[in-house]
1. Taking the beta-carbon count within 10 Å as an exposure proxy, list Ile128, Ile137 from fewest neighbours to most.
2. Report, by chain and number, residues whose modeled amide H sits under 5 Å from the one on Met19, excluding near sequence neighbours (fewer than 5 apart, same chain).
3. Below 13 angstrom from the Cβ of Gly95, what's the summed charge of the other residues (Lys, Arg +1; Asp, Glu -1)?
4. Taking the 0 to 90 degree range and rounding to the nearest ten, how far is the long axis of helix 98-111 tilted relative to the main principal axis of the chain, both from C-alpha atoms?
5. Please work out the Cα center distance from the stretch 85-149 to the stretch 1-63, rounded to the nearest Å.
6. Could you give each residue of the stretch 57-67 its phi-based ³J(HN,Hα) in whole Hz, using Karplus coefficients 6.51, -1.76, 1.60 with θ = phi - 60°, and x for Gly or Pro?
7. What lysines sit close enough to Lys59 to cross-link, taking a C-alpha to C-alpha distance under 23 Å and skipping anything fewer than 8 places away on the same chain?
8. Can you give the Rg to Rh ratio of the chain, both from alpha-carbon atoms, with Rh computed by the Kirkwood formula?
Amino acid sequence: MSALNINGKDHSVDADPAMPLLWVLRDILGLTGTKYGCGIGECGACTVHVAGKAVRACKVTLAEASGHDVTTIEGIADSHPIVHAFAQLNVPACGFCTPGQIMQAVAFVKQKPDPEDDDIVQAMQGNICRCGAYVRIVAAIRQAVGADR
Ligand code: FES
Ligand code: FES
């Protein structure tokens, strides 16, 4: 049994410790807001927070996540400024990448609350959007940090 705290709730998970956290979240715990894109750490669709850091859940094992606080998109309030700005600026097209984009952005603005556009682009460049919503993603993050300039 592995102990996980996810979105403030304790869970005991009976699974192979080498199982990717993404599998645990989606297939065992039913937290399907976190998306499976590439499975090799290259697209960012599966981004969650482990111990407050944005990580790719397809590249983190259950054993590595055990004992740490995990936050998924289900743990981010609708009232969070990033979520609010994504909705206000109609960022999602198909929406598949959006949970990962939001998780990456939430961790980023926590660490850098007053970013320049270049900082935002750099922080988000590992999160692929097949619909090409990149301009709106940057605009939403800029709006969320109150730096609409
Ligand atoms: S599914 Fe994890 S980075 Fe693409
Ligand atoms: S909104 Fe479709 S992949 Fe980003």
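Values in this text are rule-based calculations from the coordinates and carry no lab data. Just so we're clear, the structure is a prediction, and the values are computed from it rather than from any experiment. Here the Cβ is made from the backbone with ideal geometry for all residues, glycine too, and neighbour counts use every protein chain on show.
1. Ile128, Ile137
2. Under 5 Å from the amide H of Met19 lie the amide H atoms of Leu62, Ala63, each far enough along the sequence or on another chain.
3. +3
4. 80
5. 22
6. Result, ordered by residue: 5, 7, 10, 10, 8, 4, 4, 5, 7, 4, x Hz.
7. Lys9, Lys35, Lys110
8. Ratio of gyration radius to Kirkwood radius for the chain: 0.98.
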